[in-house]
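Data block below; observations after.
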Amino acid sequence: MSGDTMESSLEESGLDEVLYDSPAPSEHNSELADRLIRRLKVKDHNAIFEMISRKAYYGGSLLMILIFFYWIFIHSANDNSDIGISILMSLSFPDVAIAVMLSGLASAFFRDYSRELGQLLPSLLSGAMIIVCGFYFLEPLVYGFVTNDLETQTAIWRSVRLGLLWGGVTYCAHFLVDASLLLWLKQFCANHDIDISPLGEEPTRTVSEEPSA
């Protein structure tokens, strides 16, 4: 994708960019920047700063909430970790919760980056980690309803907590990935002197006609 092609595609989306004498960006980076502007609905160049701050703020806040949730409802809870040991790597319930948080967070990171970068390996890793999280989420229910290792109420409460952690880190990863991609977009625009102007601020470019002889 040449610089002119990227310019025309941004104009079609209602965005405008001005290119100066900076080196032309690569085709891959130009397409990525164009895709990020469209998906994240970046209104103008100044909006990038606000979006980075907001998404990083929400991501960091949610991550700390999940850490407090783990500390209060899992680590400090009156839950006998000696029962219901996982058959996958023989982890106790607190360790399973940590594994779900890390696997869920990494899976969401890999999936979002794979979607933007169009790479195969991150999606494969994300799919594998989703299966691990699903196994840990369902395992307490199996113990509670199929075996006598856990009481049914305890099994359900364990799965609920794991599900909340899993969903929370997945949602948190979306904020953090978007913030990091917006940070890359800001640096990309700065390196190549690209200005994303507000919609309607400048008239649409037209090709001037040559005067008739």
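Taking the criterion of being at pLDDT 90 or above and either touching a His at 6+ places or on another chain (Cβ under 8 Å) or not aliphatic (A, V, I, L, M) (or both), the residues of region 133-150 that qualify are CYS133, GLY134, PHE135, TYR136, PHE137, GLU139, PRO140, TYR143, GLY144, PHE145.
Is region 176-185 home to any residue that is of a type outside the set (Gly, Ala, Ser) and over 19 Å from the mean Cα position of the chain (by Cα)? No - not one qualifying residue is present in region 176-185. For GLY104, the conditions (1) within 14 Å of the chain's Cα centre (by Cα); (2) farther than 25 Å from VAL177 by Cα are fulfilled apart from (2). A single member of ASP178, ASP193 is more than 14 Å from VAL96 (Cα to Cα) and not in a helix (DSSP H, G or I), and it is ASP193.
Total residues in region 140-187 satisfying the condition of being over 19 Å from SER86 (Cα atoms) and of a type outside the set (Ser, Thr, Tyr): the figure is 18.
Kindly indicate which of THR154, THR147 is touching a residue at least 60 places away in the same chain (Cβ under 8 Å) and among the polar types (S, T, N, Q).
Details: THR147 fails: touching a residue at least 60 places away in the same chain (Cβ under 8 Å).
Step by step, each of THR154, THR147 is checked, and only THR154 is touching a residue at least 60 places away in the same chain (Cβ under 8 Å) and among the polar types (S, T, N, Q).
Of the residues making up region 170-213, those that are modelled with pLDDT under 50 and β-branched (Val, Ile, Thr) are THR204, THR206, VAL207. Of the residues making up region 37-62, those that are touching a residue at least 24 places away in the same chain (Cβ under 8 Å) and of a type in the set (Phe, Trp, Tyr) are PHE49, TYR58. Does ALA99 satisfy being farther than 30 Å from LEU185 by Cα and in contact with a Cys (Cβ under 9 Å, 6 or more places away or on another chain)? Taking the combined requirement at face value, the residue satisfies it.
Which of the residues that make up region 83-138 are of a type in the set (Lys, Arg) and free of Cβ contacts under 8 Å to residues at least 12 places away in the same chain?
At the first step, the residues of region 83-138 found to be of a type in the set (Lys, Arg) are 111, 115.
Within region 83-138, ARG115 is the sole residue that qualifies.
The values are calculated or read from the model by the stated rules, or taken from the named source; none is laboratory data. None of the values given here were measured: they were computed from a predicted structure. Glycine also receives a Cβ, built like all others from the backbone with ideal geometry; neighbour counts cover every protein chain displayed.
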